[in-house]
Each structure stands twice: as C-alpha cells, then as structure tokens.
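Written below as structure tokens is the structure these notes are about.
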Amino acid sequence: MEHKKINLTLKVWRQQNAQSKGSFTEYKVSVSPDSSFLEMLDDINNDLEKKNLEPITFESDCREGICGTCGLVINGQPHGPIPRIATCQLHMRNFKDGDIIYVEPFRAKAFPIIKDLMVDRSAMDRVMEAGGFISVNTLSVPDGNAIPIPKEIASEAMDAAQCIGCGACVAACKNASAMLFVSAKVSQFALLPQGQPERYKRVESMVKVMDEYGFGSCSNTYACEAECPKGVSVKNIARMNREYFMAKVKSQNVE
Amino acid sequence: MSWVWKSLNSSIGKKLVMAITGVALMLFLIIHLAGNMSLYGGKDAFNNYVRLLEHIKPFIRVIEVILASVFVFHIFNGTRLWIENKQARPQGYSVNGSRKNTDVFSRTAFITGSIVFIFLVIHLQTIWYKFNYSGSELDLYTITTEWFQVWWYAALYFISVLLLGFHLNHGFQSAFQTFGWNHKKYFPFIEKLGTVYALIMTIGFGSIPVYFFFFGGK
Ligand code: SF4
Ligand code: FES
C-alpha cells in the first residue's frame, strides 16, 4: 500500500564541538510515514553529503530499542512523544503533515556535547564501574536454578534490569538527576541473592560517583518514569533511598 | 562522625533533610490550623486561645526555637538544592516538554515555596510579632480580623494558602517517596492522604480571610 509522504520542518541542533555555541538549522523534508525518525535523519545526511555539507552527528546502534545508544530530545521530550519507546523505534506516522519538529541533544552538565546531537554519557559508565556488578569467580557457568528465587522477586529485578542505560531519565529530569538509572542498577542486584555480599558497598559508591559527576538531586517530579523507554518505575528510587539509608547505618565505612 | 555529615550532604541526604523537615512542618500546620479555627468562635474564643498560649509561653518558646530551625533547614536546604539542580543543566532546552511529563505541583515546588516564604515573613511581622511584643492585655482577635479587612492582606493570605496547598500536595507524597515508602501496599494510600491533607489545609486556612473580608467576622 502506497502512503502519501508528509512534509515536515525540522529544526536540528548543530554544534561543532563542546566549546562552540550551537544553534538550530532548519531542514525541510518530505518523508514516508513508514520511515523511522533515524531513517529520516539518515536521508537528510545522504542529501547533505551529496551536497558536500557536514552531515548531522547523532548516535544509534541496534535500532531495535535494546542498546540505549540512540537518544534525541524531540519537541522537548527525550525519545519523542510516544511513551515507552526509544528514539530508534519512533516512526514518522506519529507526526502530521506540516509539523515543526525541534531536535535537541540530551542536556546535562554530566553529558557534555561532543557534536550536534551526540553527547558524552560516559559518566554513567563511571557510575556502573563503581558498583554496578557482582563479583563472581570465572569458572563454568553456574546452574541457573541453584539458588531458588521467588517469581515475584525475579520479576521485579528483571523490571529494574530492563534499563538500557540510555540516559533519557537524566535528559527528562528538570534537575538532570540520574537517580532513575542508578536506582535501577542498584535495585536489580539488591533484590537478588547474588547481589547481597556487596549490597551496601554498592549503593554507597554508586551514589558517591553519581554525585561527583554533577547530576542533580531528585525532586520527585517523576518525569524520568514518564520518559523512560523501558518504563522503569520510580519505586526503584524509593528502594535506592532505603538501601542508601540502611547502608549508611550498617556499613563499615566511616569515611 | 564525618560520615553522618557527608551522608546528609549527598544527593539523597539532602532529600532526606527536606523530607524530615517537611513532615515536621506539616505536623505544625495541623496544630496551627486547629488553633486558627477558634477565630470562628468569635472574639472570646480566640482571645482565650491566645491567653492559653500566653500562659504556657516558656513551652511555646521552646517549640518556636525548634520550629524556626526546622524552617531554616527546610528553606536553606531547598534553596541550595534548587541552585545545584539548576547548575546540573547549564544550558536548558529550547522546547520545554515538562508539561507533558510532570504535574504542576512538583514542577513548581520551589516557586510556591518561595511565595509562601515571603508570606511567612509578612505574617510573622503582622501577627506573631504583635502576639509577642505587645502588652499583656492584648486583643489579638481585633488586630487579626482588622488585618483581614485590608484587601491586599486578605488577598495575599488567600493566594499564599492556595500555593501552600500546591506545595503540600507535592511535598506530602514526595517526602514518603524519599523515605523509601513507595511500595504498592502503602503508596496509593499515602498519595490520596496527601491530597486530602493539602485540601483540608487549603480550605481551612483559605476560608479565614474570605470569611472575615466579606462578612467582617459578624
Ligand atoms: S532508567 Fe530508563 S531512561 Fe533511565 S537510563 Fe535506564 S532505560 Fe534510560
Ligand atoms: S539504537 Fe539501540 S536503543 Fe535505539
């Protein structure tokens, strides 16, 4: 079935590097409603390259909503207007002919702009290195059901583990707080037996690194949950708070 | 003990300070409103209430000192968080999408809090100061109700209380989220309780200037 193309005006943030001042550049496009948002940007880039102009820099990898690499702020909303999807899964059928679409990078002090729509999210990796893991011996794979875990607990841990580390929660939060992300990572381990040995050390050091990178503090507006492509719940933030308080009371760390 | 200090100054610690002081202030508001209701009992009822407070002044003083420090912590910490949170995003978005993913109560907590603070200063100056530094045979009922005849004071009181309601509607559930009580067993109830509490406070305090402005307390 042939679909009519829709005409859109795109205002895309262009910025040479972290130091330079960026601004919006306007692109008029005629695009199939079946195209994805990133495919549309690919098309624009092909055109730009043909004209020997600098293509728009943006990130993507899997393009199936599982890697967390893509991430644009579309008309003020991270990952665009449709809830529970990543930018790569957003299709142009969700826009109307004649729409003006503003495309901006994730903005946060902890996410400096590399170029155009691409930001440096390595602060999140540093938080993960601080405790987003369990220490195990690398021998043969352990038996999957050696440790019995109730279904409800396993499901809750899985819900938290769905986080793809995209950073949309930071981008959405008016305080650029990373608490939804960090709490998802804290929760997925805190809920399971395998996470217990490092439970308190984990939350203490992950929160410490999070603070060092200048993410804001949560003020419970819940914008993060609304924009998270995986629907990670703010209940995880409550759990992280509980974990943090318990860690402060119980841990051996007197620093 | 430096870990205590450091913990309270972490991102989560600062939230905890906001939540604890917030809950303390919410308890105070209940008592304050209960006392204010005696205004509806007329001159004698209210002045007797004031006399009772006068009677237990040493106790009231202690409460006042605690209350003042709670206020200072709440305001100081809230302002600090607001500044730091602004710094966490040096360059804002050109298109603001916050209407689509947050409610007005949480978005505006700092603004509503600031306006309530301005009101608080005026309120202390007009009523509390009189209570403390006028002679013993004080007719606070007349002083208070006369203030409510002043249109701008009545309006300011009413608007501040309305915004306080916004602030409380966010603050109540927010405090318990910070405490870590967001649990499917309790939280839906806490959220409802918070809205009911905010409504009672808004209607309770808000009715006073309306009543005395339009009916002059007669
Ligand atoms: S919590 Fe959601 S929005 Fe935040 S990084 Fe994880 S997947 Fe992205
Ligand atoms: S490119 Fe992998 S989630 Fe969008």
| message | Criterion first (within 14 Å of ligand 1 (Cβ to nearest atom), more than 21 Å from residue B:17 (Cα to Cα) and more than 9 Å from chain B (Cβ to nearest Cβ)) does residue A:158 satisfy it? | response | yes
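Could you say whether any residue in the range A:131-139 is within 14 Å of another protein chain (Cβ to nearest Cβ) and of a type outside the set (S, T, N, Q)? Please lay out each step first, then the result.
Taking the range A:131-139 as the starting set, the residues that turn out to be within 14 Å of another protein chain (Cβ to nearest Cβ) are none.
No - not one qualifying residue is present in the range A:131-139.
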| field | Conditions (1) within 16 Å of ligand 2 (Cβ to nearest atom); (2) outside any helix (DSSP H, G or I): number failed by residue A:124 | value | (2)
| query | Hey, residue A:180 hits all of (1) within 9 Å of another protein chain (Cβ to nearest Cβ); (2) within 15 Å of ligand 1 (Cβ to nearest atom) but one; which does it fall short on? | reply | (1)
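What about residue B:185, is it among the basic types (Lys, Arg) and within 30 Å of residue A:242 (Cα to Cα)? Before you say what the answer is, go through the steps one by one.
Details: among the basic types (Lys, Arg): yes; within 30 Å of residue A:242 (Cα to Cα): yes.
Criteria met by residue B:185.
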| message | Quick test of your reading of the structure: residue A:34 fulfils all but one of (1) closer than 28 Å to residue A:84 by Cβ; (2) within 14 Å of another protein chain (Cβ to nearest Cβ). Name the failing condition by number. | response | (2)
| query | Of all residues in the range B:111-124 being surrounded by fewer than 18 Cβ atoms within 10 Å (Cβ to Cβ) and of a type in the set (Val, Ile, Thr), which is nearest to residue A:173 (Cα to Cα)? | reply | B:111
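Hey, could you check the range A:76-102 for residues that are part of a loop (DSSP other than H, G, I, E, B) and either aliphatic (A, V, I, L, M) or surrounded by 20 or more Cβ atoms within 10 Å (Cβ to Cβ) (or both) and say which is farthest from ligand 1 (Cβ to nearest atom)? Write out each step before concluding.
Just the residues of the range A:76-102 that are part of a loop (DSSP other than H, G, I, E, B), to begin with: A:76, A:79-86, A:90, A:95-99.
Checking the rest, the ones that are also either aliphatic (A, V, I, L, M) or surrounded by 20 or more Cβ atoms within 10 Å (Cβ to Cβ) (or both) come to A:79-80, A:82, A:85-86, A:90, A:95.
Details: A:79: 8, A:80: 13, A:82: 14, A:85: 11, A:86: 8, A:90: 15, A:95: 22 Å.
Applying the filter and picking the extreme gives A:95.
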| message | Please pick out the residue among B:19, B:88 that is under 23 Å from the mean Cα position of the chain (by Cα), crowded, with 17+ Cβ neighbours inside 10 Å, modelled with pLDDT of 95 or more and within 14 Å of chain A (Cβ to nearest Cβ). | response | B:19
| query | Any idea which of (1) modelled with pLDDT of 95 or more; (2) β-branched (Val, Ile, Thr); (3) surrounded by 13 or more Cβ atoms within 10 Å (Cβ to Cβ) is the one residue B:60 doesn't satisfy? | reply | (1)
| task | Name the single residue, out of those in the range A:183-198 being polar (S, T, N, Q) and in a helix (DSSP H, G or I), that is nearest to ligand 1 (Cβ to nearest atom). | result | A:183
| query | Counting just the residues of the range A:144-166 that are touching a helix residue (DSSP H, G or I) at 6+ places or on another chain (Cβ under 7 Å) and surrounded by fewer than 22 Cβ atoms within 10 Å (Cβ to Cβ), which one comes out nearest to residue A:113 (Cα to Cα)? | reply | A:165
| task | Keeping to the range B:93-110, report how many residues are surrounded by fewer than 18 Cβ atoms within 10 Å (Cβ to Cβ) and within 7 Å of chain A (Cβ to nearest Cβ). | result | 4
| field | Members of the range A:199-250 found to be outside any helix (DSSP H, G or I), farther than 21 Å from residue B:88 by Cα and within 9 Å of chain B (Cβ to nearest Cβ), listed by number | value | A:233
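The values are calculated or read from the model by the stated rules, or taken from the named source; none is laboratory data. Predicted model only: the values in this text are computed from it and were never measured. Note: ideal-geometry Cβ built from the backbone for every residue, glycine included; neighbour counts use all protein chains shown.
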